[in-house]
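The values are calculated or read from the model by the stated rules, or taken from the named source; none is laboratory data. In this text the structure is predicted, and so the values were computed from the model without any measurement. Here Cβ is always computed from backbone atoms with ideal geometry, including for glycine, and neighbour counts include all displayed protein chains. Areas reflect the complete protein model, heavy atoms only, side chains present, ligands, DNA and RNA absent. Shrake-Rupley method; radii C 1.70, N 1.55, O 1.52, S 1.80 Å.
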Amino acid sequence: MIKLTIEKATIPWQEKPKDSKDVIWRYSANPIIDRYAIPSSNSIFNSAVVQFKDGYAGVFRCDNKAVQMNIFAGFSKNGIDWVINHEPIKMKAGNTEMIASDYKYDPRVVFIEDRYWITWCNGYHGPTIGIGYTFDFKEFFQCENAFLPFNRNGVLFPQKINGKYAMLSRPSDNGHTPFGDIYISYSPDMKYWGEHRCVMKATAFEDSAWQCTKIGAGPIPILTDEGWLMIYHGVINTCNGFRYAMGTALLDEKEPDKVKYRTQPYLLGPAEQYEMVGDVPNVVFPCAALHDVEEDKLAIYYGAADTVVALAFGKLSEVIQFTKDNSL
Ligand code: BMA
(Lines give C-alpha, C1' and ligand atoms only; values in the text may rest on other atoms or scores of the structure.)
Protein backbone atom coordinates (compact mmCIF):
# COMPACT_ATOMS: atom_id res chain seq x y z
CA MET A 1 0.00 0.00 0.00
CA ILE A 2 1.30 3.43 -0.87
CA LYS A 3 1.12 5.70 2.13
CA LEU A 4 0.24 9.29 1.34
CA THR A 5 2.21 11.74 3.39
CA ILE A 6 0.51 15.07 3.72
CA GLU A 7 3.02 17.79 4.26
CA LYS A 8 2.43 19.68 7.47
CA ALA A 9 2.28 23.40 6.87
CA THR A 10 4.56 25.43 9.14
CA ILE A 11 2.51 27.27 11.68
CA PRO A 12 3.06 31.06 11.64
CA TRP A 13 5.31 31.89 14.55
CA GLN A 14 7.46 34.55 16.15
CA GLU A 15 9.26 34.12 19.48
CA LYS A 16 8.08 36.10 22.49
CA PRO A 17 9.80 39.49 22.77
CA LYS A 18 12.43 39.39 25.54
CA ASP A 19 10.76 42.15 27.53
CA SER A 20 7.24 40.66 27.36
CA LYS A 21 5.68 39.21 30.48
CA ASP A 22 2.41 38.40 28.76
CA VAL A 23 1.13 34.95 27.94
CA ILE A 24 -0.01 36.15 24.48
CA TRP A 25 2.13 38.46 22.33
CA ARG A 26 1.41 40.24 19.07
CA TYR A 27 3.07 39.65 15.71
CA SER A 28 5.51 42.51 15.20
CA ALA A 29 4.36 43.12 11.59
CA ASN A 30 0.66 43.46 12.50
CA PRO A 31 -1.77 44.00 10.94
CA ILE A 32 -1.32 41.14 8.46
CA ILE A 33 -4.27 42.15 6.26
CA ASP A 34 -4.90 45.75 5.32
CA ARG A 35 -8.40 47.20 5.08
CA TYR A 36 -8.01 47.81 1.34
CA ALA A 37 -6.45 44.42 0.49
CA ILE A 38 -9.06 43.79 -2.24
CA PRO A 39 -10.37 46.50 -4.61
CA SER A 40 -13.92 46.63 -3.18
CA SER A 41 -13.11 46.53 0.53
CA ASN A 42 -13.65 49.16 3.18
CA SER A 43 -12.41 46.83 5.90
CA ILE A 44 -11.27 43.20 6.32
CA PHE A 45 -11.53 41.77 9.84
CA ASN A 46 -13.06 39.00 12.01
CA SER A 47 -11.90 36.28 9.62
CA ALA A 48 -11.14 32.57 9.86
CA VAL A 49 -8.24 30.46 8.59
CA VAL A 50 -7.57 26.75 8.49
CA GLN A 51 -4.87 24.38 7.27
CA PHE A 52 -5.55 23.43 3.64
CA LYS A 53 -3.38 21.23 1.38
CA ASP A 54 0.25 22.24 2.02
CA GLY A 55 -0.72 25.72 3.22
CA TYR A 56 -3.76 27.57 4.45
CA ALA A 57 -7.18 28.68 3.27
CA GLY A 58 -9.44 31.21 4.86
CA VAL A 59 -12.86 32.79 4.82
CA PHE A 60 -12.62 36.53 5.19
CA ARG A 61 -15.13 39.13 6.24
CA CYS A 62 -14.73 41.94 3.72
CA ASP A 63 -17.15 44.83 4.10
CA ASN A 64 -17.33 46.78 0.84
CA LYS A 65 -17.39 50.54 0.36
CA ALA A 66 -21.19 50.53 0.50
CA VAL A 67 -20.51 48.87 3.90
CA GLN A 68 -22.25 45.66 2.91
CA MET A 69 -20.96 42.62 4.78
CA ASN A 70 -19.93 39.49 2.90
CA ILE A 71 -17.47 36.58 3.07
CA PHE A 72 -14.64 35.86 0.63
CA ALA A 73 -12.28 32.89 0.21
CA GLY A 74 -8.52 33.40 0.43
CA PHE A 75 -5.32 31.39 0.27
CA SER A 76 -1.86 31.50 1.80
CA LYS A 77 1.31 29.41 1.81
CA ASN A 78 2.55 30.61 5.21
CA GLY A 79 -0.59 31.79 7.03
CA ILE A 80 0.64 35.38 7.03
CA ASP A 81 0.64 36.59 3.41
CA TRP A 82 -2.83 36.17 1.96
CA VAL A 83 -4.39 36.40 -1.48
CA ILE A 84 -8.10 37.03 -1.10
CA ASN A 85 -10.57 36.51 -3.96
CA HIS A 86 -12.08 39.70 -5.32
CA GLU A 87 -15.55 38.18 -5.59
CA PRO A 88 -17.56 36.99 -2.57
CA ILE A 89 -18.39 33.33 -1.96
CA LYS A 90 -21.39 32.26 -4.00
CA MET A 91 -23.39 29.58 -2.21
CA LYS A 92 -25.11 26.64 -3.90
CA ALA A 93 -27.93 24.70 -2.26
CA GLY A 94 -26.55 22.30 0.42
CA ASN A 95 -29.02 20.41 2.63
CA THR A 96 -31.79 22.91 1.68
CA GLU A 97 -33.00 25.09 -1.17
CA MET A 98 -33.53 27.92 1.36
CA ILE A 99 -30.26 29.78 1.16
CA ALA A 100 -31.57 33.32 1.66
CA SER A 101 -28.97 35.70 3.01
CA ASP A 102 -29.18 39.49 3.41
CA TYR A 103 -25.57 39.61 4.60
CA LYS A 104 -22.81 37.39 5.92
CA TYR A 105 -20.19 38.24 8.55
CA ASP A 106 -17.81 36.94 11.24
CA PRO A 107 -17.05 33.50 9.67
CA ARG A 108 -15.48 30.51 11.43
CA VAL A 109 -14.02 27.46 9.60
CA VAL A 110 -13.31 23.92 10.74
CA PHE A 111 -12.47 20.57 9.14
CA ILE A 112 -14.74 17.76 10.39
CA GLU A 113 -14.51 14.23 9.01
CA ASP A 114 -14.49 14.84 5.26
CA ARG A 115 -15.04 18.55 4.61
CA TYR A 116 -14.57 22.08 5.77
CA TRP A 117 -17.58 23.52 7.58
CA ILE A 118 -18.18 27.24 7.72
CA THR A 119 -20.43 29.06 10.13
CA TRP A 120 -21.16 32.77 9.98
CA CYS A 121 -23.62 35.36 11.12
CA ASN A 122 -26.30 35.15 8.42
CA GLY A 123 -28.85 37.88 7.69
CA TYR A 124 -32.28 36.24 7.71
CA HIS A 125 -34.79 38.72 9.18
CA GLY A 126 -31.93 39.78 11.41
CA PRO A 127 -28.73 37.97 12.35
CA THR A 128 -28.70 34.21 12.94
CA ILE A 129 -26.17 31.41 12.40
CA GLY A 130 -25.56 30.30 8.82
CA ILE A 131 -23.88 26.98 8.03
CA GLY A 132 -22.13 25.88 4.85
CA TYR A 133 -19.48 23.49 3.66
CA THR A 134 -16.79 23.16 1.03
CA PHE A 135 -14.27 20.55 -0.02
CA ASP A 136 -11.98 22.80 -2.01
CA PHE A 137 -12.72 26.47 -1.14
CA LYS A 138 -13.97 26.91 -4.72
CA GLU A 139 -17.47 25.47 -4.49
CA PHE A 140 -19.53 26.24 -1.41
CA PHE A 141 -22.84 24.77 -0.23
CA GLN A 142 -25.20 26.49 2.15
CA CYS A 143 -27.29 24.56 4.67
CA GLU A 144 -30.26 25.44 6.86
CA ASN A 145 -29.67 28.18 9.38
CA ALA A 146 -28.88 26.61 12.74
CA PHE A 147 -31.15 28.77 14.88
CA LEU A 148 -33.97 31.29 14.89
CA PRO A 149 -32.91 34.91 14.73
CA PHE A 150 -31.33 36.55 16.63
CA ASN A 151 -28.02 34.85 17.21
CA ARG A 152 -24.30 35.47 16.63
CA ASN A 153 -20.92 33.81 17.15
CA GLY A 154 -21.81 30.28 16.03
CA VAL A 155 -18.68 28.16 16.55
CA LEU A 156 -18.52 24.43 15.76
CA PHE A 157 -16.45 21.95 17.74
CA PRO A 158 -13.88 20.14 15.53
CA GLN A 159 -15.31 16.69 16.23
CA LYS A 160 -18.59 15.12 17.25
CA ILE A 161 -19.24 14.97 20.98
CA ASN A 162 -21.19 11.93 22.20
CA GLY A 163 -22.03 11.17 18.56
CA LYS A 164 -23.40 14.59 17.66
CA TYR A 165 -22.13 17.78 16.07
CA ALA A 166 -21.79 20.51 18.69
CA MET A 167 -21.96 24.28 18.30
CA LEU A 168 -21.46 27.22 20.61
CA SER A 169 -23.58 30.30 19.96
CA ARG A 170 -24.68 33.53 21.53
CA PRO A 171 -28.39 34.46 21.40
CA SER A 172 -28.67 38.19 20.82
CA ASP A 173 -30.90 40.97 19.51
CA ASN A 174 -31.16 42.74 16.16
CA GLY A 175 -28.91 45.64 17.18
CA HIS A 176 -25.69 46.24 19.11
CA THR A 177 -26.75 43.70 21.72
CA PRO A 178 -26.25 44.92 25.32
CA PHE A 179 -26.25 41.34 26.74
CA GLY A 180 -25.03 37.89 25.75
CA ASP A 181 -24.11 34.50 27.15
CA ILE A 182 -22.57 31.44 25.47
CA TYR A 183 -24.78 28.39 24.84
CA ILE A 184 -24.08 24.97 23.32
CA SER A 185 -26.42 23.04 20.99
CA TYR A 186 -26.20 19.60 19.39
CA SER A 187 -27.22 18.17 16.03
CA PRO A 188 -27.24 14.63 14.60
CA ASP A 189 -27.04 15.90 11.00
CA MET A 190 -25.98 19.60 10.81
CA LYS A 191 -29.61 20.48 10.04
CA TYR A 192 -31.66 20.12 13.21
CA TRP A 193 -30.22 21.66 16.36
CA GLY A 194 -31.38 21.12 19.93
CA GLU A 195 -30.40 20.11 23.46
CA HIS A 196 -29.49 23.74 24.12
CA ARG A 197 -27.50 24.29 27.31
CA CYS A 198 -26.01 27.39 28.87
CA VAL A 199 -22.20 27.22 29.01
CA MET A 200 -21.02 30.53 30.38
CA LYS A 201 -22.50 33.93 31.22
CA ALA A 202 -21.20 37.47 31.27
CA THR A 203 -19.62 38.19 34.65
CA ALA A 204 -20.61 40.45 37.51
CA PHE A 205 -18.94 43.85 37.09
CA GLU A 206 -17.02 43.56 40.35
CA ASP A 207 -15.64 40.10 39.49
CA SER A 208 -14.16 40.76 36.03
CA ALA A 209 -15.36 43.95 34.38
CA TRP A 210 -13.88 43.42 30.88
CA GLN A 211 -16.41 40.59 30.29
CA CYS A 212 -19.39 41.94 32.23
CA THR A 213 -21.63 43.08 29.33
CA LYS A 214 -21.49 40.11 26.95
CA ILE A 215 -19.28 37.24 25.85
CA GLY A 216 -19.02 35.18 22.65
CA ALA A 217 -17.00 32.19 21.45
CA GLY A 218 -14.09 32.95 19.10
CA PRO A 219 -11.94 30.32 17.36
CA ILE A 220 -12.84 26.62 17.03
CA PRO A 221 -12.24 25.09 20.50
CA ILE A 222 -9.00 23.11 20.86
CA LEU A 223 -9.01 19.72 22.60
CA THR A 224 -6.26 19.57 25.25
CA ASP A 225 -5.44 17.28 28.19
CA GLU A 226 -7.35 19.74 30.36
CA GLY A 227 -10.50 19.76 28.21
CA TRP A 228 -11.62 22.11 25.46
CA LEU A 229 -9.65 25.33 25.30
CA MET A 230 -12.15 28.01 24.32
CA ILE A 231 -10.81 31.39 23.30
CA TYR A 232 -13.59 33.97 23.56
CA HIS A 233 -14.28 37.68 23.48
CA GLY A 234 -15.63 39.61 26.42
CA VAL A 235 -17.18 43.06 26.30
CA ILE A 236 -17.53 45.95 28.73
CA ASN A 237 -19.81 48.91 28.03
CA THR A 238 -17.83 52.04 28.81
CA CYS A 239 -18.85 55.71 28.61
CA ASN A 240 -17.25 55.61 25.14
CA GLY A 241 -19.04 52.47 23.95
CA PHE A 242 -18.18 48.78 23.87
CA ARG A 243 -14.62 47.53 24.44
CA TYR A 244 -13.79 43.98 23.24
CA ALA A 245 -10.98 41.89 24.80
CA MET A 246 -9.91 38.23 24.62
CA GLY A 247 -10.07 35.58 27.35
CA THR A 248 -9.82 31.80 27.63
CA ALA A 249 -11.78 29.04 29.33
CA LEU A 250 -11.40 25.27 29.68
CA LEU A 251 -14.57 23.22 29.15
CA ASP A 252 -15.10 19.61 30.15
CA GLU A 253 -14.19 17.26 27.28
CA LYS A 254 -17.32 15.06 27.44
CA GLU A 255 -19.74 17.63 28.84
CA PRO A 256 -18.61 20.96 27.37
CA ASP A 257 -21.41 22.90 29.05
CA LYS A 258 -19.34 22.45 32.23
CA VAL A 259 -16.76 25.21 32.66
CA LYS A 260 -13.64 24.01 34.52
CA TYR A 261 -11.66 27.25 34.41
CA ARG A 262 -12.20 30.73 33.03
CA THR A 263 -9.80 33.64 33.14
CA GLN A 264 -10.50 36.59 35.40
CA PRO A 265 -7.98 38.86 33.60
CA TYR A 266 -8.09 39.16 29.82
CA LEU A 267 -5.20 37.73 27.79
CA LEU A 268 -5.23 40.41 25.10
CA GLY A 269 -7.03 43.75 25.14
CA PRO A 270 -7.04 46.68 22.71
CA ALA A 271 -3.76 48.52 23.32
CA GLU A 272 -1.99 48.98 19.97
CA GLN A 273 -2.94 51.77 17.58
CA TYR A 274 -4.58 49.39 15.07
CA GLU A 275 -6.75 47.92 17.85
CA MET A 276 -7.75 51.26 19.34
CA VAL A 277 -8.31 53.23 16.14
CA GLY A 278 -10.49 52.10 13.24
CA ASP A 279 -14.11 51.93 12.14
CA VAL A 280 -15.05 50.61 15.59
CA PRO A 281 -12.38 51.57 18.13
CA ASN A 282 -11.18 49.26 20.93
CA VAL A 283 -11.98 45.86 19.47
CA VAL A 284 -9.93 42.68 19.47
CA PHE A 285 -12.16 39.91 18.13
CA PRO A 286 -10.59 36.43 17.74
CA CYS A 287 -12.15 34.16 15.08
CA ALA A 288 -9.51 31.51 14.37
CA ALA A 289 -6.48 29.79 15.86
CA LEU A 290 -3.85 27.40 14.51
CA HIS A 291 -2.02 25.14 16.91
CA ASP A 292 0.75 22.57 17.02
CA VAL A 293 0.79 20.42 20.14
CA GLU A 294 4.29 18.97 19.55
CA GLU A 295 5.83 22.37 19.03
CA ASP A 296 3.65 23.90 21.76
CA LYS A 297 2.55 26.74 19.48
CA LEU A 298 -0.67 28.70 19.19
CA ALA A 299 -1.36 31.41 16.59
CA ILE A 300 -4.53 33.44 17.07
CA TYR A 301 -6.15 35.48 14.26
CA TYR A 302 -8.24 38.41 15.37
CA GLY A 303 -10.05 41.36 13.91
CA ALA A 304 -8.71 44.69 15.15
CA ALA A 305 -10.99 47.73 15.49
CA ASP A 306 -13.39 46.22 12.91
CA THR A 307 -10.89 47.30 10.23
CA VAL A 308 -7.93 44.90 9.80
CA VAL A 309 -6.78 41.34 10.62
CA ALA A 310 -3.99 40.81 13.15
CA LEU A 311 -2.08 37.86 14.56
CA ALA A 312 -0.96 36.96 18.08
CA PHE A 313 1.07 34.04 19.45
CA GLY A 314 1.29 32.02 22.62
CA LYS A 315 2.59 28.71 23.92
CA LEU A 316 -0.32 26.32 24.20
CA SER A 317 0.94 24.95 27.54
CA GLU A 318 1.36 28.45 29.00
CA VAL A 319 -2.11 29.54 27.88
CA ILE A 320 -3.59 26.44 29.57
CA GLN A 321 -1.57 27.05 32.73
CA PHE A 322 -2.55 30.73 32.76
CA THR A 323 -6.22 29.78 32.40
CA LYS A 324 -5.96 27.43 35.39
CA ASP A 325 -3.93 29.82 37.54
CA ASN A 326 -6.07 32.89 36.89
CA SER A 327 -9.54 31.38 36.96
CA LEU A 328 -12.62 33.14 38.32
C1 BMA B 1 -20.40 42.74 16.79
C2 BMA B 1 -20.14 42.25 15.39
C3 BMA B 1 -18.67 42.07 15.22
C4 BMA B 1 -17.91 43.32 15.61
C5 BMA B 1 -18.32 43.77 16.98
C6 BMA B 1 -17.65 45.06 17.39
O7 BMA B 1 -21.76 42.94 16.98
O8 BMA B 1 -20.60 43.18 14.44
O9 BMA B 1 -18.43 41.80 13.89
O10 BMA B 1 -16.52 43.07 15.63
O11 BMA B 1 -19.70 43.93 17.02
O12 BMA B 1 -18.06 46.11 16.59
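Taking H as built 1.01 Å from N, whose amide H comes closer than 5 Å to the amide H of residue 140, not counting residues under 5 places away?
Residues meeting the criterion, in which the H sits 1.01 Å from N, are 92.
Can you give me the C-alpha center-to-center distance between the stretch 101-144 and the stretch 254-303, rounded to a whole angstrom?
21 Å
Could you tell me the calculated FRET efficiency between residue 28 and residue 295, based on Cβ-Cβ distance and R0 = 25 angstrom, to the nearest 0.05?
0.80
Just to make sure I understand: if all protein chains stay in place, what is the order of 262, 35 by accessible area at 1.4 Å, largest first?
35, 262
Restricting the calculation to Cα positions, tell me the Rg (one decimal) and the Dmax (whole number) of the stretch 203-278 in Å.
Expressed in Å, the Cα Rg and Dmax of the stretch 203-278 come to 13.4, 41.
Got a sec to turn the phi values of the stretch 29-34 into Karplus ³J(HN,Hα) couplings, 6.51 cos²θ - 1.76 cosθ + 1.60 with θ = phi - 60°, whole Hz, x for Gly and Pro?
9, 4, x, 8, 10, 7
Need one number: the % of Cα-Cα pairs in the stretch 278-328 sitting beyond the 14 Å mark.
58 percent
May I ask for the net charge around residue 62, where only other residues with Cβ less than 11 Å from the Cβ of residue 62 are counted and Lys, Arg are +1 while Asp, Glu are -1?
Summing Lys/Arg as +1 and Asp/Glu as -1 gives +2.
Can you list the residues, at least 5 places off or on another chain, whose amide H is less than 5 Å from the amide H of residue 103, using H built in the peptide plane?
For residue 103, whose amide H was placed from the backbone, the distant partners under 5 Å are 123.
Which whole-number percent is the relative contact order of the chain (Cα, under 8 Å, 6+ apart)?
Computed over the chain, the figure is 16 percent.
Per residue of the stretch 222-236, what does 6.51 cos²θ - 1.76 cosθ + 1.60 with θ = phi - 60° give for ³J(HN,Hα)? Whole Hz please, x for Gly and Pro, Karplus curve as stated.
With coefficients 6.51, -1.76 and 1.60, one gets 10, 7, 10, 5, 9, x, 7, 7, 10, 8, 9, 9, x, 10, 10 Hz.
Suppose the chain between residue 327 and residue 98 were pulled fully straight at 0.36 nm per residue; how much longer would it get relative to their current alpha carbon spacing?
78.1 nm
Once ligands and nucleic acids are excluded and a 1.4 Å probe is used, how much of residue 75 is accessible, expressed in Å² to the nearest 10?
70 Å²
How much net charge surrounds residue 189 when only other residues with a Cβ under 12 Å from its Cβ are counted (Lys, Arg +1; Asp, Glu -1)?
Result for the local shell: +2.
Taking the dipole about the Cα centre of the chain, with the C-beta of Lys and Arg at +1 and of Asp and Glu at -1, give me whichever of 193, 84, 169 is farthest to the positive side.
Comparing the listed Cα positions along the dipole, 193 ranks first.
Ignoring everything but the protein chains, give the 1.4 Å probe accessible area of residue 200 in square angstrom, nearest 10.
10 Å²
I need the GluC sites (Glu not before Pro) found in the stretch 94-185, filtered to DSSP loop residues with at most 13 other beta carbons within 10 Å of theirs.
Answer in residue order: 97, 113, 139.
When all protein chains stay in place, what accessible area (Å², nearest 10, 1.4 Å probe) is found for residue 148?
The accessible area of residue 148 comes to roughly 140 Å².
Find out how many positive minus negative residues lie around residue 180, taking Lys and Arg as positive, Asp and Glu as negative, among other residues whose Cβ is under 11 Å from that of residue 180.
Residues near residue 180 contribute +2 overall.
Taking a spot 7 Å from the Cα of residue 317 along the direction of its beta carbon, which residues of the stretch 264-298 have an amide N less than 20 Å from it?
Within reach of a label on residue 317, which here means backbone N under 20 Å from a point 7 Å along Cα→Cβ, the stretch 264-298 contributes 290-298.
Using θ = phi - 60° and the Karplus curve 6.51 cos²θ - 1.76 cosθ + 1.60, what whole-Hz ³J(HN,Hα) does each residue of the stretch 74-88 get, with Gly and Pro shown as x?
Each residue of the stretch 74-88 in turn: x, 9, 8, 7, 10, x, 10, 9, 10, 10, 9, 4, 7, 10, x Hz.
Out of every Cα pair in the stretch 40-325, what percent are spaced more than 32 Å from each other?
Summing the P(r) of the stretch 40-325 above 32 Å gives 16 percent of all pairs.
Gain in length, residue 159 to residue 87, computed as 0.36 nm per residue apart minus the alpha-carbon separation, to one decimal in nm?
22.9 nm
Under 17 Å Cα-Cα from residue 8, which lysines qualify once same-chain neighbours fewer than 8 residues away are excluded?
53, 77, 297
For the stretch 22-97 and the stretch 207-241, write down the distance between their C-alpha centroids in whole Å.
That distance is 22 Å.
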